[in-house]
Every structure is written in structure tokens, then in C-alpha cells.
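The values are calculated or read from the model by the stated rules, or taken from the named source; none is laboratory data. Because the structure is predicted, anything quoted here is derived from the model rather than measured. Quick reminder, even Gly has a Cβ in these numbers, built from the backbone with ideal geometry, and neighbours come from all protein chains shown. Surface accessibility is based on the protein's heavy atoms, side chains included, excluding ligands, DNA and RNA. Shrake-Rupley method; radii C 1.70, N 1.55, O 1.52, S 1.80 Å.
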Amino acid sequence: MKILSIDTSCDDTCVALLQVKKNNFKILSNVISSQVKLHAKYGGVYPSLAKREHQKNLPLVFKKVIKGCDMSKVDLIGVTVGPGLEPCLWQGINFAQNLARQFKKPLILVNHLEAHILGNWLDNRKIFLPAICLVVSGGHTQLILMDRIGKYRVLGETRDDAAGECFDKVARILGLGYPGGPIISKIAATAKKSKIVLPRPMISQKNYDFSFSGLKTAVLYKYRSQSAKTRKSKKYIQEMCLEVQQAIIDVLIKKTIKAAKDYHIKSIVLGGGVAANEELRKQFKKKAKEAIPDSKLYIPDFKFCTDNAAMIGVAAFFARSRKTKEIKANANLKI
Ligand code: KG4
Ligand code: ZN
């Protein structure tokens, strides 16, 4: 079976072609046209600009992906319908719907958050369920109990900013550019230790919720309280990056392990752009093993943590026999 998949939920135009044989996935093509440089000057994604870029890029990215493969050989088309930026989602939906009509293929509607989790199935490892899933992206931070593919229960989520959003906003405060996560992690890797102390919001609370907006505000106040000279110093920025990254990591790991322990679950599944963070991956492996020795931690390869259409293809495969509801963008679609 061949699946063509499309994601335009945010600022990347993503198209992929997967081959599925006996539940094993092979990526035939996976192309991402990034708009990062365009949005960088606004310090975040500018929705109307993103929409225009998707419109321009979709035919080009699609052409690249389908090169060497006839559309007649494609069995189904998967497209993200939410959550995401509504005008951007519509671009992908309209494009996919036109293809589905033209080539008479079934159209499968995909939830972007579910796809971030199912990105872990791309490397064809056996994942033991139930699992505790941590989805950490630019717009979401959720702890999810996954009984099986298609059956999820949100245990907790952020009450304000998402973890990725916190990285992005802190980078903006420090004048480092966009997106913040990769920049902060790169700078943090050059620091040995930090004298700056930031809060770990909600870390000891007996729930599975998160809050990152206070952490961002704490960075802002600390930064503003410094002299102009200190603020500009390389050492101060390095220390701030190290500490803010560690504060986010500490909270994410502690709450996820608590959920896994409370629910007696051995599988921990990560997904979303923040899961590409090297320190998070390293510390998660160590802490999960210490806390639950027979636990298994699943994290997608780096390039499948951030937005891509290969994960949309996997989600479309598993959703292929679900009933299709109305075809429309849903910016706030829940898992
Ligand atoms: O999943 P994703 O590509 O898009 C959404 O669905 O939102 O996640 C993007 C987020 C951004 O906030 C970005 O700063 C963060 O993921 N991110 C990272 C890293 N790479 C991307 N955060 C921390 N460390 C990274 N290496
Ligand atoms: Zn995403």
C-alpha cells in the first residue's frame, strides 16, 4: 500500500510518500519546505504569510515527492485537519481534496497530535501498549494515556504556554531569533553550569498539568534586572539558556515519570518538536531507567520529532478505516 500525506498545520509545507507492507513503513519520499527564514523577522509564525507560502509551495513539494511514482499507484491520501493555524490547514485540505477527487482516492483526515505520537511507529519497532505519551510541540504540551492506537485519554496539559512556545518566547526575550528551541539548546550546550536559578512550575503538584508562562516571565524579570553590559555578555546568555532548558526538562521528565508510575505503565512515548532536544532525550533515558528499571522509552528520530508528513502518513494508515466526518479545518482539534 502507498500513502501520500500532507501537513500544512504551521509554517512547514510537508508532503511524504510511504509504502506500507505488513504494518511496516518505508519512507519513499519525505520533503519539507521550511518557512523559518521568512517568519524569523517577526519572531514567530505570521499566519497570512504562512498561508500564502503553502499555496505557492504545495504544488512544487508535491511534484518533488511524487517524482518517479504514478498517482495511480497511490492507495490513499492523508491530510492534517487540525490542530494548527486554520488558514494554513485549509491549504493542505483543499490541495489533498483536489488530488483525491482527480485521482479517485480515499481521503483520510489526520489529527496532528496523534501523528506526533505515531511518528514513533516509523522505525518499525514493536511498541508495547498501553503507553504514557508526552506530546511537546510549539502549541501543545500534553500527557496522554494511550491504551491502543486510536484510544487516548488526556491526563494533563499545559494551562498556558506550551514547552516549545516557552523556548520560542525566551529566545525572543534574549534576542536570539526564531525558532527558540534549537537555538537555546545549541547555546546551552556551550555552558558548563549556571548560577541563575529559575522556577520549575507545578513540578511537585499532584496532577499532570503544566504551566510555562511563569517561567518565561521569570526569565524576563531576571534579564531586565541586569545591567546592559551583563545582558549582552556571552556568559550570561549561555547560563540563562542552560537554566531555562533544564527547568523545562526537569518538569517534563518528573511529570511524565509520575504518570507512568501512577498508571503502572512501562512504555513512555515522546513526540513533537521539543522531543528533538538532545539534553531532554539524554536525561529522559537516564531518569526513566532509574525510576522504572524495566521501562521502555520511545522517541522518534530527530527529523521526525519536528513537523513532517511521514508521521501524517503513519497516522493516515492507522485511521484508514475510521469513519470520515465532515472535511474541514479544525484549529483546536483535540486528541
Ligand atoms: O512539532 P513542531 O515542529 O511544531 C508544532 O506542532 O508546533 O514543534 C515546534 C516547536 C518549536 O517551539 C521549537 O522551538 C521546538 O519545537 N523545538 C525545540 C527543538 N527543536 C524544535 N525545542 C527544544 N529543543 C530543540 N532541539
Ligand atoms: Zn507539530
Can you list the lysines whose alpha carbon is less than 25 Å from that of K323, not counting same-chain residues fewer than 8 positions off? K2, K21, K22, K73, K104, K105, K151, K334
Two-site label geometry, E326 and Y221: point separation in nm, points 7 Å out along Cα→Cβ: 4.5 nm
What fraction of the DSSP beta bridges in the chain is antiparallel, stated in percent and rounded to the nearest 5? 60 percent
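To the nearest 500 deg cm²/dmol, what mean residue ellipticity at 222 nm is calculated for the chain from DSSP H runs of n ≥ 4 alone, each contributing -39,500 (n - 2.57), summed and divided by the residues?
Working: 11 runs with 139 residues, N = 335.
After summing the helix terms and dividing by residue count, I get -13000 deg cm²/dmol.
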Value of relative contact order over region 126-299, rounded to a whole percent, pairs C-alpha under 8 Å and six or more apart: 28 percent
Taking θ = phi - 60°, what integer Hz values does the Karplus form 6.51 cos²θ - 1.76 cosθ + 1.60 yield along region 27-43, in sequence order, with x for Gly and Pro? 7, 8, 7, 8, 10, 10, 9, 8, 10, 3, 4, 5, 7, 3, 5, 9, x
Dipole in debye (nearest 20) - the chain, about Cα centre, beta carbon charges: Lys, Arg +1; Asp, Glu -1: 540 debye
Non-local amide H neighbours of I108 (under 5 Å, H modeled in plane, Pro and chain starts lacking H): which ones? I77, G78, V79
If we sort 3-12, 296-305 on the protection proxy, mean other Cβ atoms within 10 Å, highest first, what's the order? 3-12, 296-305
DSSP-assigned coil residues among trypsin sites (Lys or Arg not before Pro) in region 10-103, each with at most 16 further Cβ atoms within 10 Å: K22, K41, K67
Skip the ligands, DNA and RNA, and give the accessible area per residue of the chain with a 1.4 Å probe, whole Å². 47 Å²
Proximal lysines relative to K195, as straight alpha-carbon distance under 19 Å, when same-chain residues fewer than 8 apart are discounted: K186, K216, K222, K229, K232, K234, K235
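Applying a 10 Å radius around every beta-carbon, put 323-331, 156-164 in order of their mean neighbour count, most first. Write out the running numbers ahead of the final one.
Numbers: 323-331: 12.3, 156-164: 20.9.
By packing density, highest mean first, the sequence is 156-164, 323-331.
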Placing each pseudo-label 7 Å from Cα in the direction of the beta carbon, E86 and D262 end up separated by a distance in nanometres of 3.4 nm
Using amide H atoms built in the peptide plane, which far-off residues or other-chain residues are under 5 Å from L333 H to H? G84
If I take every Cα pair under 8 Å that is 6 or more residues apart in region 60-198, average their sequence separation and divide by the length, what percent do I get for the relative contact order? 13 percent
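Full extension from K286 to R101: what is 0.36 nm times the residue separation minus their Cα-Cα distance, to one decimal in nm? List each step's numbers first, then the result.
Working: separation 185, 0.36 × 185 = 66.60 nm, distance 4.93 nm.
So the chain would gain 61.7 nm between K286 and R101.
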Counting only protein heavy atoms, what percent of the accessible surface of region 126-299 is carbon or sulfur at a 1.4 Å probe? 54 percent
Between 0 and 90 degrees, rounded to the nearest ten: what's the tilt of helix 234-262 against the longest Cα principal axis of the chain? 60 degrees
List the lysines whose alpha-carbon lies under 17 Å from that of K206, not counting same-chain residues fewer than 8 positions away? K254, K255, K258, K261
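What's the ranking of 287-295, 206-214 by average number of surrounding C-beta atoms within 10 Å, highest first?
Details: 287-295: 14.0, 206-214: 17.9.
Highest to lowest by the protection proxy: 206-214, 287-295.
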According to a simple spin-label model (label point 7 Å from Cα along Cα-to-Cβ), what is the distance in nm between R153 and S34? 3.9 nm
For a test of the definition: using alpha carbon positions, the gyration tensor, and the 1.5 limit on a/c, classify region 284-333 as rounded, prolate or oblate. prolate
In degrees, nearest 10, the alpha-carbon axis of helix 163-173 is tilted away from the dominant principal axis of the alpha carbons of the chain by 60 degrees
Residue-ordered couplings for region 115-122, obtained by feeding phi - 60° into the Karplus form 6.51 cos²θ - 1.76 cosθ + 1.60 and rounding to whole Hz (Gly and Pro as x), are 5, 4, 5, 6, x, 5, 7, 4
Nearest 10 degrees, 0 to 90: helix 47-66 Cα axis against the chain principal axis: 50 degrees
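Can you give the % of DSSP beta bridges in region 126-299 that are antiparallel, to the nearest 5? Please list the in-between numbers first.
Values: 12 of 21 bridges.
If we restrict to bridges inside region 126-299, about 55 percent are antiparallel.
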A student applying the Cα gyration tensor rule (rounded when a/c is under 1.5; otherwise prolate if a/b is larger than b/c, oblate if not) would label region 27-131 oblate
Shape category assigned to the chain from the gyration tensor of Cα positions, a/c cut at 1.5: oblate
